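Let me begin by presenting the structure, written as structure tokens, before commenting on it.
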Amino acid sequence: MDFTPTREAALARLAAFLPAAGRRYAETRNADDGPRPGGRSNVSQLSPWLHAGVIGETEVLEAVLSEHSPRAAEKFITEVFWRIYFKGYLEQRPAIWDDYCKGRDNALAALAGNAGLRKAFTEASEGRTGIEAFDVWARELAGTGYLHNHARMWFASIWIFTLKLDWRLGADFFLKHLIDGDAASNTLSWRWVAGLHTRGKHYLARADNIARYTAGRPEGALAAARLAGDEAEPLTEPHDYARQTLDLPRPVTAAELAQPFALLLHDEAAHHAPLALPASPALVIGAERSAARSPGGAGRHAQAFAQGALAGGMTSGAAAFGCPAAQWRAGAPLAPLLVAAGVERIAVPFLPAGWTRDALWPDLAPLAAAGRIITLLGDLDRATWPLAKAGFFPVAKAIDALIAECAIQGRAVPVSTGN
Ligand SMILES: Cc1cc2nc3c(=O)[nH]c(=O)nc-3n(C[C@H](O)[C@H](O)[C@H](O)COP(=O)(O)OP(=O)(O)OC[C@H]3O[C@@H](n4cnc5c(N)ncnc54)[C@H](O)[C@@H]3O)c2cc1C
């Protein structure tokens, strides 16, 4: 699969996948058929573009509903809501992310002082454990920047329960290499596999299940001998994470953007189109910081995609709004860019809990305190996140209502104009 980091490529992939997003998706989505030059046929592989904000969830749902009834596309639509749910959940428990970072750093430090552990970790991340399926996925992840959902579940389970490695090292390995590496979906999915998200309910990989759902891979079904059995216990932690109240920004009006302003694009909002801005900025700023995903930086596919998406987003924004575009690296002064463009305020797409916020907020917080930041948040996130208080069920139950509330209805895949 060619993950070209442009909006044109995202829309082309969406259009190509659309016929399969209905009942066929529900029936076939669990199969890991391996990497395919033209992309997998049973899953959309849209996650890299969705994560980077090159395409939005609303656009994807509209396109799907233009070809399928809500019932026929129920499974696909539900999966898109899992992404939104995880974002809303982490937003209400940001301490999970902070503790993950601390635990990851401690686990990395422990590796440095323990040769046996270091060997086990290196074998796992280089795909040299002797567990065929696991080794194939480790190499596939580093080699392509993508893994099928089921493979992610099996891989995480084997990492935690068979290889008995620290889950945070595995989550870091994923974040580094996955093009779609997302603080919320990744951290919370690893916690789910471990039995920490739904307390006491862990996910155990089984060889027969792996063989069944990998039978369509070019090399044939993958073997997974000597996996941890049913006696493996879920992980535990000493405390629950208290939920904090969401304080979400209101929809932004054209009146609030009447004075010249800059639009800041970042790693999770790299293109202006999904933002549906009510006014045109006088400057587009690109703030790429994909290296902040992991202490080890971003893997080559993840980094190339993030850099390409932001470079393309800046060019498209400048062309669409007829304004200049400038790159800004967090830590460098931002004021000269704003002064040169004659703007006071910056419209910033919501910085979600995780590495994107960690990387950019220290520089933006003083501007926010001075009332110079206008935060942009899409209607779908604003409506869904308050329901992501605990389990997924309240979100799942409300999907039809959320779609109606956000006026999402069948609409053909947008035609890309190149900007
Ligand atoms: C251990 C583990 C780690 C993961 N890490 C990430 C991550 O860093 N970033 C990420 O985007 N997803 C992550 N996922 C979720 C899921 O695996 C991917 O979103 C999905 O595989 C992307 O492929 P796709 O676009 O073909 O999905 P499709 O099946 O085509 O689904 C359409 C879209 O729905 C969303 N989606 C689908 N399944 C899930 C899910 N289980 N959770 C959340 N959103 C979902 C994605 O945005 C996806 O693009 C992780 C899952 C596990 C088990």
Given H placed 1.01 Å from N in the peptide plane, which residues other than close sequence neighbours of residue 325 have an amide H under 5 Å from its amide H? 284
Using Cα atoms only, what is the angle between the long axis of helix 132-144 and the major principal axis of the chain, expressed in degrees (0 to 90) to the nearest 10? 20
With all protein chains modelled, accessible area of residue 408 [1.4 Å, Å²]: 10
Would you work out what percent of the accessible area of the chain, with all protein chains in place, is carbon or sulfur (probe 1.4 Å)? 54
Specify the angular offset, from 0 to 90 degrees and rounded to the nearest 10, of the alpha carbon long axis of helix 7-17 from the longest principal axis of the alpha carbons in the chain. 50
With a 1.4 Å probe and every protein chain left in place, tell me how much accessible area residue 240 has, in Å² to the nearest 10. 110
Mean accessible area per residue over the chain (1.4 angstrom probe, all protein chains present, square angstrom) is 41
Per 20 Å bin from zero, what fraction in whole % of the C-alpha pairs of the chain is there, up to the bin with the longest pair? 26, 59, 15, 0
Per-residue [θ]222 nm for the chain (sum of -39500 (n - 2.57) over DSSP H runs n ≥ 4, rounded to 500): -14500 deg cm²/dmol
Please give the Cα centre distance for region 20-98 versus region 129-161, rounded to the nearest Å. 20
Going by alpha carbons, how many degrees (0 to 90, nearest 10) lie between the helix axis of 74-92 and the longest principal axis of the chain? 80
Skipping prolines and chain starts, which residues have an amide H placed within reach, meaning under 5 Å, of the one on residue 374, given they are 5 or more residues away or on another chain? 346, 347, 348
Taking alpha-carbon centroids only, region 237-261 lies from region 365-419 a number of Å equal to 11
Within region 1-81, report the trypsin sites (Lys or Arg not before Pro) that DSSP leaves as loop and that have at most 14 other Cβ atoms within 10 Å. 71
Quick one: what are the phi-derived ³J(HN,Hα) couplings along region 277-282, Karplus 6.51/-1.76/1.60 with θ = phi - 60°, whole Hz, x for glycine and proline? 4, x, 8, 8, x, 9
Taking all protein chains together and a probe of 1.4 Å, list 41, 316 from the most accessible to the least accessible. 41, 316
Straight distance only, please: which lysines reach the Cα of residue 176 with their own Cα at less than 26 Å, same-chain residues fewer than 8 apart left out? 87, 102, 119, 164
Rounded to whole Hz, the Karplus (6.51, -1.76, 1.60) HN-Hα couplings of region 206-222, x for glycine and proline: 10, 4, 5, 5, 5, 4, 4, 8, 10, 4, x, 6, x, 8, x, 4, 8
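The values are calculated or read from the model by the stated rules, or taken from the named source; none is laboratory data. These numbers come from a predicted model, not from an experiment. Please note: Cβ atoms are built from the backbone with ideal geometry, for glycine as well, and neighbour counts cover all protein chains shown. Just so you know, the surface numbers come from the protein's heavy atoms only, side chains and all, with ligands and any DNA or RNA stripped out. Shrake-Rupley method; radii C 1.70, N 1.55, O 1.52, S 1.80 Å.
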